Amino acid sequence: MDEAILKNGVNLLDTAEQYPIPSGAGGPAREGDTELVIGKWMRARNVPRRDVVIATKITGGRNVTPRNIKKDCEDSLKRLGTDYIDVYQLHWPQRYSPQANWGQSLKYNIENDNSPYWRGGGGPTSFEDLCLAMEGLIQEGKIRGWGLCNDNAYGLTACTRTAKALGVTPPCSIQGDFSLIDRKSEENGVAEAASPFNENVGFMSYNALAGGMLTGKYIDKPAALDEKSRESAMSALQNPRGRMDTRGWGGTLYRYRTEAAQSAIREYEKIAVANGMSLTELSLRWCKQRSLITTTLVGHSNMKQLKESIKFFQNKDPLSEQVMWDIDVVHMKNRTPIFSSNRVGKDWLGEGEIGEPIP
């Protein structure tokens, strides 16, 4: 954070009450630790609060109730050591939605939506109650704005239209998975809904490097869970190159390692090399250049990665029209490859599977 914020002018920190994920040996007891680290750092460095934009999240699903929105926000404020949060987000929708499955479910399942899990106890928190609870926090000065994460065009529009009908503050942002190999938000209605001409909601992209796949480091030597040799897999787990080589994230992020995704990544790497840049640089500069994107969230596991990312965002001209077109050609031949699976067969029961259970 010293390098990013104090030396290079990065001003947005995105976190969540649930971070770190996976929580490791500490389990749920470690949740909130990331907020504590941020708060401790700000106090130690005497960082003026106005110099940093803090976005954090309430855990989604059935946890999102008016009572929990207030309580969880106050708990986050204590851990962060601040008296307000700039953007308070739902980590995932408060209702059943196939988008909560990172959009990989094959369909909207009305039976699932009508299940006791979602409809018991009066059902999920209504859009009206959600908007009013967030407005209460704004009026108390505890948050400046609020947003959504991992939601779709329906959820975004329902929130903005409900808030406007109630005369309260609508969401200012939506955060979603977005990268060269996951462009669904440009094509599934989210970009249209978020447009300044429509609901005027900013888009925060995460996983712009697809869990590290768009650095190219997992192409020649696969992620630990994809290694055919037990010895090689154990070696990768003991000396991880990043999240793909960990037990928890390695399973959850398998969507970026589909056969189709790896094929697309190889093609994008050719474009990068032909234009004198790394795959990482191409991926980040492309993401920054998309009209949908308000800000790109990037995570790093070491100082070298951080400095590289900052360099790619600073003092760079836009990618040429030809490079953008070459990227589109690959995309049109292999569209949204993270939804592809070569495991489908007569014995395959993994509809909507992403590596972890999602209601």
Length added when fully stretched, Asp75-Asp33, from 0.36 nm per residue minus Cα-Cα: 13.9 nm
Residue order, fewest to most surrounding Cβ atoms within 10 angstrom, among Asp86, Asp220, Asp328, Asp113: Asp220, Asp328, Asp113, Asp86
Cβ crowding within 10 Å averaged over residues, with 40-48, 206-214, 164-172 ranked highest first: 206-214, 164-172, 40-48
Order of Val323, Val329 - criterion: other Cβ atoms within 10 Å of each residue's Cβ, fewest first: Val329, Val323
Fluctuation leader among Glu227, Glu17, Glu192 - the chain, Gaussian network, Cα springs under 10 angstrom: Glu227
Top positive-direction residue, dipole computed over the chain with Cβ charges, set Asn109, Leu237, Asn68: Leu237
The range 296-308 - phi-based ³J(HN,Hα) in whole Hz, Karplus 6.51/-1.76/1.60, Gly and Pro as x: 10, 8, 10, x, 9, 9, 7, 5, 4, 4, 4, 4, 5
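Based on the inverse mean of 1/r over its pairs of different Cα atoms, what is the Kirkwood hydrodynamic radius of the range 152-254, in Å?
15.9
Taking the Cα centre of the chain as the origin, how large is its charge dipole in debye, to the nearest 20, when only Lys and Arg (+1) and Asp and Glu (-1) carry charge on their Cβ atoms? Walk me through the numbers before you get to the answer.
On the way: 45 positive and 44 negative charges, 123 e Å.
With Lys and Arg at +1 and Asp and Glu at -1, about 580 debye.
Stokes-Einstein at 10 °C, 1.306 mPa s, Kirkwood radius from Cα pairs: D for the chain in µm² s⁻¹?
This corresponds to a translational diffusion coefficient of 74 µm²/s.
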Fully extended contour minus Cα-Cα distance, from Gln289 to Arg43, at 0.36 nm per residue: 85.1 nm
Charged-residue dipole, Cβ positions (Lys, Arg, Asp, Glu), the range 2-177 about Cα centre, Debye nearest 20: 200
Förster-model FRET efficiency, 45 Å R0, Glu128 and Glu231, C-beta, rounded to 0.05: 0.20
5 angstrom amide H check on Ile143, placed H, neighbours 5+ away: Ile85, Ile138
Relative frequency of Cα-Cα separations exceeding 24 Å in the range 2-177, percent: 39
Under 13 Å, Cβ to Cβ, from Val10 - net charge with Lys/Arg +1 and Asp/Glu -1: -1
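At a 10 Å Cβ-Cβ cut-off, how would you order Trp102, Trp118, fewest neighbours first? Present the calculation step by step, with values, prior to reporting the outcome.
On the way: Trp102 23, Trp118 18.
Placing the least packed residue first, the sequence is Trp118, Trp102.
Read-outs throughout are calculated quantities, based only on the coordinates presented, and are distinct from any laboratory measurement. Please read all numbers here as calculations on a predicted model, not as lab measurements. Cβ atoms come from the backbone with ideal geometry, glycine included; neighbour counts cover every protein chain shown.
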